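Student: If you scroll down you'll find the structure; I have some questions about it.
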Amino acid sequence: MIAELKDRFRCNAISGCPVHARLVAYGWAVRAPLEGLFAKAGWQTPYRARAVQIIAELGDPAAEPFLAHTLDDRDPDVRARGALGLARLGATQYRQRITELRHADQPWQASAKIGALFALWQLGDASAGVDFSATLQALAPLHMAGSALTLGAELCARHPAPDCSTALPAMARHPGFQARRAALHAMTVRLRPSYAPALVYLLSDQARSIRDEAEAGLVALTGDQSRSGLQAWKAWCEAGGCAALLKPSSARQ
């Protein structure tokens, strides 16, 4: 089963990785084999970060030394998953080392910063939650920040999570498919009226799956199933429909 992580056709960021959930469900027994898989992989191997993510999600206290070691990894996605795993364990003794990851300022290194900020917020630092959302907002226009934005949107979809309501609509306009898809999913997990313009925008996306999810979000927000397609929803929004959603429900009646 663990070998499936190495199969890029059966486990990848675009079409999904069914074995991920199965490994998490299997429990702590898979931790040691996953650590072994990680140790043997080259640092650019795509499944390394996935292995750390699964280990982190297991919540096994015995994984603490391994997760702490990943904070020094060359791969920012690995460092991010390690920080998140330590926060899940409540390992406050690593707070300073996680804090050091906040200084990864290059867009292609920003996954480590995003993971660290969320981890610090989970460990009780309220200001890190504010910085998490602000950093996502700042990264949203940057093409090379796609990996960080995809991770950030995944974390925004968690409950609880910092307030991502300003950042997500901007992230939904990123040129990277994975970032757009993750931002859209985070918006539809907790729909807000302020997301309507972004959902209308996503109806022009090349990916059918994104268009379908965006339209489902608009239908859920409005309760109106009579419209379909970009032109209909765009006309509705430009005619004041998006703005009307922001009014109190009593004022809309």
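Student: So how many residues does segment 205-215 have that are more than 20 Å from the chain's Cα centre (by Cα) and surrounded by fewer than 18 Cβ atoms within 10 Å (Cβ to Cβ)?
Tutor: Within segment 205-215, residues that are more than 20 Å from the chain's Cα centre (by Cα) and surrounded by fewer than 18 Cβ atoms within 10 Å (Cβ to Cβ) number 2.
Student: For segment 84-104, indicate whether the set of residues that are of a type outside the set (A, V, I, L, M), part of a helix (DSSP H, G or I), buried (at least 22 other Cβ atoms within 10 Å of the Cβ) and in contact (Cβ under 8 Å) with a residue 12 or more places away in the chain is non-empty.
Tutor: yes
Student: Right, next: Looking only at segment 174-183, decide whether some residue is under 24 Å from Ser133 (Cβ atoms) and free of Cβ contacts under 8 Å to residues at least 12 places away in the same chain.
Tutor: Looking through segment 174-183, none of the residues is under 24 Å from Ser133 (Cβ atoms) and free of Cβ contacts under 8 Å to residues at least 12 places away in the same chain.
Student: Would you check if Ala116 is surrounded by 19 or more Cβ atoms within 10 Å (Cβ to Cβ), closer than 30 Å to Asp7 by Cβ and at pLDDT 95 or above?
Tutor: When the stated conditions are applied, Ala116 does not pass them.
Student: Regarding segment 120-130, can at least one residue be identified that is free of Cβ contacts under 8 Å to residues at least 24 places away in the same chain, over 25 Å from Ile54 (Cα atoms), over 16 Å from the mean Cα position of the chain (by Cα) and assigned to a helix (DSSP H, G or I)?
Tutor: Within segment 120-130, one or more residues are free of Cβ contacts under 8 Å to residues at least 24 places away in the same chain, over 25 Å from Ile54 (Cα atoms), over 16 Å from the mean Cα position of the chain (by Cα) and assigned to a helix (DSSP H, G or I).
Student: Next question, about the same structure. Within segment 7-23, does at least one residue satisfy the condition of being surrounded by fewer than 13 Cβ atoms within 10 Å (Cβ to Cβ) and touching a Cys at 6+ places or on another chain (Cβ under 9 Å)?
Tutor: yes
Student: Further question: Specify which of the listed residues (Ser165, Ser209) is modelled with pLDDT of 95 or more and in contact with a Ser or Thr (Cβ under 7 Å, 6 or more places away or on another chain).
Tutor: Ser165
The values are calculated or read from the model by the stated rules, or taken from the named source; none is laboratory data. None of the values given here were measured: they were computed from a predicted structure. As a convention, Cβ positions derive from the backbone with ideal geometry for all residues, glycine included, and neighbour counts pool all protein chains shown.
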